[in-house]
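Accompanying notes for the structure given below.
What follows draws every value from the coordinates through simple rules; no lab data is involved. Given the structure is predicted, the values throughout are model-derived calculations rather than measurements. Using ideal geometry, Cβ is built from the backbone for each residue, glycine included, and neighbour counts are taken over all protein chains shown.
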Amino acid sequence: MKKIVINLGQGMDQLKTDFPEADVVLVRDRAELMRELPEAEVLVSWGVDDEMLDRGTKLDYVASLYAGVDKLPLNRLQAKEILLTTGRGIHVIHMAEYALMMMILHARSLDKLLDQQRRAIWAGAETHPQDEIYGKKLGIIGLGAIGQEIAKKASFMGMEVVGVRRTPKETDYVTRVYDLAEGIETIFKSCDYIINLLPHTPATNRLIDHRYFDLIQPHACLINMGRGDTVNEDDLYEALKSGQIKRYITDVFDQEPLEPNSRFWQLDNIVITPHISGPNLSYMAKAYPIVKTNLTAYLAGSTDEMVNVYSHERGY
């Protein structure tokens, strides 16, 4: 009987009922986790660290609920030949809603209006012009599951959508799909709204820099919902300070949390949210079908039927 350790606090208790053929152990704290890991073959957790791998000498499969892998010890997982799956797809709906919210915030100057409310100032459209996202061109850098959902919702609201993916192919609701090399340049040159959804890999490290900021349209809004370290923050700061980028909306930074003395807090053309586009009150309910599908396939020896299997070669 395979031992499956669930290190998620609450939200996955149903696994004990759904997998009677396995020894499913729910741990509530790190001390309990460390006691159970030596005999575990499967770990379901937000992530895994070096200490957990040291204790889990029998681990064969780690099911991480993170969509990204930049917090995981990938080299050790690869060296130990431990299968890894991620939580990709859990975030699709609520992150797409975040993207729409922020594009509308920019179009309607909502952050400025809320700020003046706090200061008891009545200043209307003559001070804060009111625009719309209908008819605007959106460029999505990273047409994975989240990017495709944003494209769908944006197109329903009358936006033209173009995008970038590693291997270009026809994508619903996207009028043109580019590869990475050609696409980023084209998007910065031509789009009213640009959404960065790139994962952090060696190929994307600080990829978005002055080369692209030099191309951006003067009215465009750049939104980062991917990873902070895909952007060169020195170049970004200069482009914002000079007004080259009209508006930058970001949920991520290279170093988090952003320090109170960070120079970015002082800029008036940036909207900062503290990495909240991914968390959601329904996160566990959305994660459960993915975890159940993968455990079912794994226990049946059908790993080719598992979803969100991480590829060390591709980097996602």
Given H placed 1.01 Å from N in the peptide plane, which residues other than close sequence neighbours of Lys136 have an amide H under 5 Å from its amide H? Glu160
Which aspartates and glutamates have a Cα less than 20 Å from the Cα of Lys169, not counting those fewer than 8 places away in the same chain? Glu149, Glu160, Asp179, Glu182, Glu185
Measuring from centroid to centroid over Cα atoms, what is the spacing of the stretch 169-234 and the stretch 241-316 in Å? 16 Å
Partner aspartates and glutamates for Lys246 [C-alpha distance under 17 Å; skip if fewer than 8 residues away on the same chain]: Asp111, Asp131, Glu132, Asp192, Asp209, Asp214, Glu233, Asp234, Asp235, Glu238, Asp268
Kindly express, to the nearest 10 degrees and within the range 0 to 90, the angle between helix 92-108's C-alpha long axis and the longest C-alpha principal axis of the chain. 10 degrees
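When only C-alpha pairs under 8 Å and at least 6 residues apart count, what is the relative contact order of the chain, in percent?
The value is 13 percent.
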Using +1 on the beta carbon of Lys and Arg, -1 on that of Asp and Glu, and nothing else charged, what's the dipole of the stretch 203-316 about the Cα centre, debye to 20? 360 debye
Cα-centred dipole magnitude for the chain, charges only on beta-carbon of K, R (+1) and D, E (-1), debye, nearest 20: 500 debye
Give a quick list of GluC sites (Glu not before Pro) in the stretch 135-237 that DSSP marks as loop, anything other than H, G, I, E or B, with at most 10 other Cβ atoms within 10 Å. Glu170
Which of Thr303, Tyr193, Met225 sits farthest toward the positive end of the charge dipole of the chain, with +1 on the Cβ of Lys and Arg and -1 on the Cβ of Asp and Glu? Tyr193
Angle between the Cα long axis of helix 145-156 and the longest principal axis of the chain, 0 to 90 degrees, nearest 10? 40 degrees
Sort Phe188, Phe156 so the one with the fewest other Cβ atoms within 10 Å of its own Cβ comes first. Phe156, Phe188
Suppose a student asked you for the relative contact order of the stretch 92-272, using Cα pairs under 8 Å spaced at least 6 residues apart; what percent would you report? 16 percent
Size of the stretch 92-272 along its principal axes in angstrom, Cα-based, largest extent first? 51, 36, 29
In the stretch 248-316, the trypsin sites (Lys or Arg not before Pro) that sit in a DSSP loop and have at most 14 other Cβ atoms within 10 Å of their own Cβ are Arg314
Answer with a single label: of [x] 18.1; [y] 16.3; [z] 32.6, which was calculated as mean projected area of the Cα convex hull in nm² from the structure in view? [x]
Among the stretch 296-316, those whose backbone N falls under 15 Å of a label point 7 Å along Cα→Cβ from Ala203 are 311-316
Between the residues Ala203, Leu8, Leu180, the Cα farthest towards the positive end of the dipole of the chain, that dipole coming from +1 and -1 charges on the beta-carbon of Lys, Arg, Asp and Glu, is from Leu180
